[in-house]
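The values are calculated or read from the model by the stated rules, or taken from the named source; none is laboratory data. Quick caveat, the model's predicted, so the values are computed rather than measured. For neighbour counting, all protein chains shown are included, and Cβ atoms are generated from backbone atoms with ideal geometry for every residue, glycine included. Areas reflect the complete protein model, heavy atoms only, side chains present, ligands, DNA and RNA absent. Shrake-Rupley method; radii C 1.70, N 1.55, O 1.52, S 1.80 Å.
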Amino acid sequence: MIFNIQPHERTVFDLIAQAARQCQVEAYVVGGYVRDRLLGRPTKDIDVVCVGDGIQLAEMVANSLSPRPKVVVYRRFGTAMLRFEGLEIEFVGARRESYSPDSRKPAVEQGSLEDDQNRRDFTINALAVSLNEHNFGHIIDPFNGLAHLEDKIIKTPLDPGKTFSDDPLRMMRAIRFATQLGFDIEPRTFDGIKRFKSRIHIISKERIATELEKILLTPRPSVGFNLLFDCGLLQLILPEVALLQGVEDREGRAHKDNFYHTLEVLDNVCRKSNSLWLRWAALLHDIAKPASKRFNKESGGWTFHGHEWMGAKMVPKIFRNLRLPLGAEMEFVQKMVLLHLRPISLTKEEVTDSAVRRLLFDAGPDIEDLMRLCESDITTKNPRKMSRYLEGYEYLKERMSEVTEADRLRLWQPPITGQVIMDTFGIEPGRDVGIIKTAIREAILDGEIGNDYDSAFQRMVEEGEKLGLVVK
Ligand code: CTP
């Protein structure tokens with residue numbers, strides 16, 4: 001099949017092809033760029049593999065451009081990168097890799113295009129577009145990647161055991177791509193993840209967290225978290241979340257499955273906000289439910305008393321473990337977990353202003369995110385209950401704006417003080433000062449004059465004249 005080269009790519013592809021000819025090497029565009037272009041996803045990173053020296057090819061491409069772009073060389077990896085027309089183009093020599101069991105760092109040798117395609121993670125990521133004269137624009141697809149793009153399948157090019165033990169991060173990548181692209185993981189590949197899951201321990205926490213973040217930033221992260229749970233990876237990388245799964249039944253009373261509830265809340269939040277940290281908060285909002293769970297014999301029901309503050313206390317350990325930021329982002333997540341039950345308790349009519357005010361104070365600038373989380377937390381399938389809860393939140397929101405408005409008015413001071421009035425007319429404290437002040441305040445509140453010093457001064461003079469006062 002021929003790759004449909006777009007006009008904006010033509011120049012870049014031609015330039016690389018020409019430079020490759022000069023260096024007498026074969027060159028190919030490979031990996032994520034080819035995949036994303038075929039899927040119609042926006043992409044700006046081009047990976048070029050050449051059968052030879054990638055750094056030399058990059059220098060040659062740079063030489064042919066004016067002004068000559070800077071070539072950033074990573075000698076240790078044998079790669080070089082340059083920027084051109086908003087694209088980031090990375091060059092590398094084709095390689096063959098062999099891995100030892102306890103490391104992600106492979107022994108690397110020069111190889112052919114085929115070797116390079118063999119060492120890649122998924123068939124859809126192993127597609128190459130030729131930039132060589134004899135077959136320019138042809139897609140080289142040794143593992144049926146094109147068919148798998150069409151059929152929406154994630155599959156390793158080689159035996160899954162080999163691909164995953166070579167680089168266990170790929171297990172997370174498989175699930176991340178499945179979630180991002182809406183693809184299915186081919187059963188043997190998924191089985192490979194189950195078998196090799198414990199190899200994830202050789203991967204750094206940062207890289208694991210990056211994949212989790214990419215899953216969280218998709219429109220429906222539940223897809224990824226269900227897959228992570230089903231293959232057993234979640235139990236290893238985020239055991240606290242995996243522990244939410246399960247239903248306990250005593251005396252015929254079962255509580256809901258908090259894992260599936262959490263995932264529903266997470267998907268709901270994703271419809272309301274793109275904030276990564278609000279999404280983390282949704283994932284962790286009930287994290288202490290397993291630890292706080294009790295069965296109350298008298299009432300015959302389950303309770304999770306204190307799970308909000310216990311949960312907030314668990315957040316730092318989870319963040320530290322995944323090397324997530326421990327500053328404002330973590331504090332935000334803690335605050336959301338701690339406060340996620342507060343709004344529901346304030347939806348009743350008899351709630352006092354001070355209770356509403358205290359919530360506003362505790363949530364501070366994050367009140368809107370907290371309300372988004374709380375609305376997302378309603379997962380009842382009963383439409384009557386659903387609208388009752390939502391109405392409760394609408395009522396609370398009204399109360400919050402009323403209290404805010406009242407407080408704003410109470411704290412508001414007109415721009416002219418009593419002292420200015422006394423100084424202007426040369427009078428002592430007394431009834432006239434009060435009358436003028438009130439008149440100015442009312443005029444501003446009624447919108448008759450602007451809320452600024454000059455307008456208020458003008459009105460003060462007029463009000464003073466009515467009382468027979470003269471400006472000194
Ligand atoms: N690759 C791999 N194994 C990895 C990481 C990457 O085989 N653990 C290969 C794949 O062929 C991939 C290419 O290197 O397509 C580029 O990797 P990268 O830029 O990390 O990912 P992309 O596939 O481009 O996708 P994304 O940017 O979404 O991570």
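Which of rounded, prolate or oblate describes the stretch 153-237 when judged by the alpha-carbon gyration tensor and an a/c cut-off of 1.5?
The shape class here is oblate.
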Exercise. In Å, the Kirkwood hydrodynamic radius of the stretch 413-466 over pairs of distinct alpha carbons?
Worked result: 10.8
Problem set entry | Whole-percent carbon and sulfur share, accessible surface of the stretch 98-223, 1.4 Å | 48
Problem set entry | Accessible surface, per residue, of the stretch 413-466 when the full set of protein chains is kept, probe 1.4 Å, Å² | 57
Problem set entry | Of Lys155/Lys317; Lys162/Lys205; Lys272/Lys297; Lys70/Lys197; Lys256/Lys335; Lys272/Lys348, those spanning more than 32 Å from alpha-carbon to alpha-carbon | Lys155/Lys317; Lys272/Lys297; Lys70/Lys197
Exercise. Given the convex hull of the Cα atoms of the chain, what is a quarter of its surface area in nm²?
Worked result: 35.0
Problem set entry | Protection proxy ranking, peptides 465-471, 230-236, average beta carbon neighbours within 10 Å, highest first | 230-236, 465-471
For this session: Tell me the label-point distance for the pair Lys256, Ser354, using the 7 Å Cα-to-Cβ offset, in nm and rounded to one decimal.
Result: 3.4
Exercise. If only Cα atoms are counted, what is the Rg of the stretch 245-296, and what is its Dmax, in Å?
Worked result: 13.1, 42
Seminar exercise, completed: All alpha-carbon distances of the stretch 66-214, grouped into 10 Å bins from 0, give the whole-percent distribution 10, 32, 39, 16, 3, 0
For this session: Report in % the part of the accessible area of the stretch 237-296 that belongs to carbon and sulfur, leaving out ligands and nucleic acids; probe 1.4 Å.
Result: 45
For this session: Report the full-extension gain for the segment Glu85 to Gln110: residue separation times 0.36 nm, less the Cα-Cα distance, to one decimal in nm.
Result: 6.0 nm
Exercise. log10 I(q)/I(0), Debye, Cα-only the stretch 25-137, no solvent, q = 0.19 Å⁻¹?
Worked result: -1.07
Problem set entry | Relative contact order [Cα under 8 Å, 6+ residues apart], the stretch 153-237, whole percent | 35
Exercise. If you wrap the stretch 1-66's Cα atoms in a convex hull and average its projection over all directions, what's the area in nm²?
Worked result: 4.8
Problem set entry | Rel. contact order, % - alpha carbon contacts under 8 angstrom, at least six apart, the chain | 8
For this session: May I ask you to give the solvent-accessible area per residue for the stretch 263-403, in square angstrom, as obtained with a 1.4 angstrom probe?
Result: 50
Exercise. Beyond 26 Å, what share of the Cα-Cα pairs of the stretch 164-311 remains, rounded to the nearest whole percent?
Worked result: 30
Exercise. Mean residue ellipticity at 222 nm from the helices of the chain, using -39,500 (n - 2.57) per DSSP H segment of n ≥ 4 over the full residue count, to the nearest 500 deg cm²/dmol?
Worked result: -16000 deg cm²/dmol
Exercise. What accessible area per residue comes out for the stretch 7-151, rounded to a whole number of Å², with a 1.4 Å probe?
Worked result: 49
Exercise. How big is the Cα convex hull of the stretch 319-443 in projection, averaged over all directions, in nm²?
Worked result: 12.7
